[in-house]
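The values are calculated or read from the model by the stated rules, or taken from the named source; none is laboratory data. Since the structure is predicted, the reported quantities are computational estimates derived from the model, not experimental observations. Please note: Cβ atoms are built from the backbone with ideal geometry, for glycine as well, and neighbour counts cover all protein chains shown. Just so you know, the surface numbers come from the protein's heavy atoms only, side chains and all, with ligands and any DNA or RNA stripped out. Shrake-Rupley method; radii C 1.70, N 1.55, O 1.52, S 1.80 Å.
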Amino acid sequence: MSLVAWAIGWVTAAIVLFVVAAAVAYFFRDPERKAPVDPAAVVSPADGRVTAVIEESFEGRPGRRISIFLAIWNVHVNRAPLSGKLQRMEYRPGKFYAAMRSRASLENEQNVFYLDTDRGTIVFKQVAGWIARRVVSWKSPGDSLVLGERIGLIRFGSRMDLWLPQDAEILVRPGQSVAGGESVVARWP
């Protein structure tokens, strides 16, 4: 469209259309990532900034939740934090609060993944935000996932939550930047 606008002499429209197209292409980029070889490593499921590491039970099991906020300039392709079999996945419709807010984890639209690993079950969520209005999964229950493998994306700003059992050693802290599929956020021997 930008070229058409340029060809018919609409220079301003051509420039605006080009900038919009470039921004969308930048948002949907999907760089290759190299997962660590450490068998105890749990990698970040998303690019972004760690906003919380909190004690939180999940279905009666003690553990901790790591929340990662994805700003509009982060890569929004999400990745498997561990290898395992996708036991189940739940889509939960919801609100669209700002993804940085703690209540977003409970009330916003989300896909919840239950991953059975050799060490036990972990749970991670794609959480839509105020700008992000769609969570997309490319996986289905029964699929085998490999550490760092692409599992879906969240469109235009969002959050990922990762719940790990109490015996996992958390290595990140709030404020730290992480890269999906590469940054080790925990060790779980």
Query raised in the report: Looking only at residues in region 57-83 that are in contact with a Ser or Thr (Cβ under 7 Å, 6 or more places away or on another chain) and among the polar types (S, T, N, Q), which one is surrounded by the most Cβ atoms within 10 Å (Cβ to Cβ)?
Result: S67
Query - Given (1) in a loop (DSSP other than H, G, I, E, B); (2) open to solvent by 10 Å² or more (accessible area, probe 1.4 Å), number of the condition A99 does not satisfy - result: (2)
Report summary line: Among residues of region 136-150 being outside any loop (DSSP other than H, G, I, E, B) and farther than 15 Å from I122 by Cα, the residue most open to solvent (accessible area, probe 1.4 Å) is R150
**Report entry** Selection within region 1-52 - loosely packed, with under 13 Cβ neighbours inside 10 Å, modelled with pLDDT of 75 or more and of a type in the set (K, R)
**Finding:** K34
Report summary line: Flagged pairs (Cβ under 7 angstrom, 6 or more apart or on separate chains; first in region 37-50, over 7 Å from G180 (Cα atoms); second among the β-branched types (V, I, T) and buried (at least 24 other Cβ atoms within 10 Å of the Cβ)) are G48/I68; R49/I68; V50/I66; V50/I68
Query raised in the report: Based on what the data block shows, is L86 under 23 Å from P39 (Cα atoms), touching a Pro at 6+ places or on another chain (Cβ under 7 Å) and either open to solvent by less than 30 Å² (accessible area, probe 1.4 Å) or free of Cβ contacts under 8 Å to residues at least 24 places away in the same chain (or both)?
Result: yes
